[in-house]
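I have placed the structure first, in the form of structure tokens, so that the comments after it can refer back to it.
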Amino acid sequence: MLQCDGERLLTGGVMHGLTLFRLSLVRFAASFMVVLTTGVINRVFIADLGYSEAWFTLLLCLQQLVTPLTLVTGYWSDSIPIWGRHRAPHAAFWAIAAAVALAAMMICLRGAAARPAWSVALFLLAAVAMSVFGLGVKASNLLITALLVDRLPARRRAGALTYVWFMAIAGLVLGGLCYGILFGRAPTIGLSYLTEVTVATCVGVVALTLVGLVGVEPADHRAVAAATPSGFWRSLRALCRNSQARWFFGFMALAEFSFFCQDLILEVYGGRVFQLSVSATTEYSFYHGLGTLLGMMLGWTLHEAIWIRSRTWQLPLACVLGALAFAFLVGSALLQASALATSAILLLGVAKGGYNTALAGALMDLMDRRLAGVLLGVWGTTAGIAIAAGMAGGGLLRFGFFEAALAAQFTPATALRVSFAGVFAVELLGLLIAALMLLRFRPGVYREELDREIDALMSEGVLART
């Protein structure tokens, strides 16, 4: 069980270390679903079945567009305990909802492909399921983070969150390997088999979610402020009035947009430019995940053991490294160099891992347990909208702008390569601008403004006094 003295979670022996491991299993399991949607289902329906790249990209982006609702789920967890617990029951509900929704989405897509007369209705149902999937994954992830904020002292939160993220990235790596093996080297994948794998994955996710969350949070029967719509909006406005919070989340939005523009086109890039099989392009997830793990370990080492003590400097350094990776991806597209693309994806993972580690520490430094649910909801909403814009923007920029503009000037093959290079160049520029933006952020000013706003909310009865 997690103790009220949260520091003992990391230092209090095998049971407490096991509890943190159990929490991380939920993120680990969710990563398998992420690999399946972005690395396999996306590639199969666009590159193999010929679905519209723009429409299918928008379908997958729904999982990010619903993230503003995590503001509400976070506020609910702050204000509505279930069995005396604020985080774990909410997180379990949303994680299980995500797994059920992903299985339902794949069944709907399979039905739409098999029954053209019902395709529109089934595709709309798939869109609803994808929205629930996205909300479930985001809400459960943020509530696990809120549980760490509740149960750990400030100095231990970044390490715990980094560990949880490390396990999530390990899930991406292992998921890429497992799906690469399951789908073999066949140039195409049958929808029946893909549906079976999806359903089996979702069953495994439900099982690991229950293992990870049942019994990890002790009951807390202290008084809380009643959840009301006006209380939610007053809490949200209090955060939005914080000038430094606006600046930091603006930086994060641009960085996340830039890191994710290629997310839904990378496997398509490998399939169309290099004529790689589904199994080979799925390995992109492995290389990116491996690089992310290495980057997270490197980032933590730099922060703890060497000389870069300020996460404010680690974040722009990670953005610059990511820009370098996108420069290599531009070169791989123009030169049609598959090996260079693989190396660039590995380097991009290293940059994203360093960014994740620094961002985890920075965000934990910004947290306040009195408003953790709403704070994490703002974080999730900002990241989700930016990621959705990046995922949709990558496909739309490539297909709707770059390739269309270049079609009259180049051969189709050249226009295809240059269109991918154009997207990578946009990401390069975005990361460089984001690195410059963060130089204006002042953590001390942020904390002073936040304390004033929380005191005001407590005096108004929006937050309970602690």
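Suppose we filter region 261-296 for residues that are surrounded by fewer than 24 Cβ atoms within 10 Å (Cβ to Cβ), of a type in the set (A, V, I, L, M, F, W, C) and over 17 Å from S332 (Cα atoms); how many remain?
Number satisfying all stated conditions: 4.
When you check V120 against the structure, is it of a type in the set (V, I, T), part of a helix (DSSP H, G or I) and without any contact (Cβ under 8 Å) to a residue 24 or more places away in the chain, yes or no?
Considered against the rule, which asks whether it is of a type in the set (V, I, T), part of a helix (DSSP H, G or I) and without any contact (Cβ under 8 Å) to a residue 24 or more places away in the chain, V120 comes out as yes.
Residues are listed down the side, and each one gets a yes or a no for (1) under 20 Å from R22 (Cβ atoms); (2) charged (D, E, K, R); (3) in contact with a Pro (Cβ under 7 Å, 6 or more places away or on another chain):
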| site | (1), (2), (3) |
| --- | --- |
| S131 | no, no, no |
| N141 | yes, no, no |
| D150 | yes, yes, no |
| L174 | yes, no, no |
| G184 | no, no, no |
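I'd like to know if region 34-43 contains one or more residues that are among the hydroxyl-bearing types (S, T, Y), surrounded by 18 or more Cβ atoms within 10 Å (Cβ to Cβ), at pLDDT 75 or above and closer than 15 Å to P218 by Cα. So that I can check it myself, show each step before the final result.
Step one: list which residues in region 34-43 are among the hydroxyl-bearing types (S, T, Y), which gives 37-38.
The next check asks that each one be surrounded by 18 or more Cβ atoms within 10 Å (Cβ to Cβ); those that pass are 37-38.
If we keep only those that are at pLDDT 75 or above too, we end up with 37-38.
Imposing the further condition that a residue be closer than 15 Å to P218 by Cα reduces the set to none.
The answer is no, given that none of the residues of region 34-43 is among the hydroxyl-bearing types (S, T, Y), surrounded by 18 or more Cβ atoms within 10 Å (Cβ to Cβ), at pLDDT 75 or above and closer than 15 Å to P218 by Cα.
Only one of these conditions is not met by L335: (1) closer than 28 Å to A170 by Cα; (2) without any contact (Cβ under 8 Å) to a residue 12 or more places away in the chain. Which number is it?
Every condition holds for L335 apart from (1).
Which one is farthest from N356 (Cα to Cα) among residues in region 147-179 that are touching a His at 6+ places or on another chain (Cβ under 9 Å) and small (G, A, S)?
G176
Taking D48 as the residue in question, decide whether it is of a type in the set (D, E) and surrounded by fewer than 22 Cβ atoms within 10 Å (Cβ to Cβ).
On the way: of a type in the set (D, E): yes; surrounded by fewer than 22 Cβ atoms within 10 Å (Cβ to Cβ): yes.
Here the answer is yes, as D48 does meet what is asked.
How many residues does region 361-382 contain that are more than 15 Å from F441 (Cβ to Cβ), at pLDDT 80 or above and hydrophobic (A, V, I, L, M, F, W, C)?
Number satisfying all stated conditions: 1.
Kindly indicate the residue of region 111-156 that is among the basic types (K, R) and surrounded by fewer than 24 Cβ atoms within 10 Å (Cβ to Cβ) and also modelled with the lowest pLDDT among those meeting that condition.
Here is the first cut: in region 111-156, the residues among the basic types (K, R) are 115, 138, 151, 155-156.
After this cut, where a residue has to be surrounded by fewer than 24 Cβ atoms within 10 Å (Cβ to Cβ) as well, the list is 115, 155-156.
Details: R115: 81, R155: 72, R156: 76.
Step by step, filter region 111-156, then rank; the result is R155.
So if I check each of A139, A200, which one is of a type in the set (A, V, I, L, M) and in contact (Cβ under 8 Å) with a residue 24 or more places away in the chain?
A139
Considering only residues of region 414-461 that are without any contact (Cβ under 8 Å) to a residue 24 or more places away in the chain and in contact with a helix residue (DSSP H, G or I) (Cβ under 6 Å, 6 or more places away or on another chain), which is surrounded by the fewest Cβ atoms within 10 Å (Cβ to Cβ)?
Per the criteria, the residue is A415.
In region 243-293, what count of residues is obtained for those that are in a helix (DSSP H, G or I), under 19 Å from Y179 (Cα atoms) and acidic (D, E)?
Residues meeting the conditions: 2.
Just checking, which of G6, G74, G50 is among the small types (G, A, S), at pLDDT below 80, within 26 Å of F166 (Cβ to Cβ) and not in a helix (DSSP H, G or I)?
From the options G6, G74, G50, the qualifying one is G6.
Quickly run through region 428-445 and pick out the residues that are within 16 Å of R246 (Cβ to Cβ) and at pLDDT 80 or above.
A434, M437, L438, L439, R440, F441, R442, V445
The values are calculated or read from the model by the stated rules, or taken from the named source; none is laboratory data. Remember, it's a predicted structure, so these values are computed and weren't measured experimentally. Counting neighbours? That spans all protein chains shown, and the Cβs are built from the backbone with ideal geometry, glycine included.
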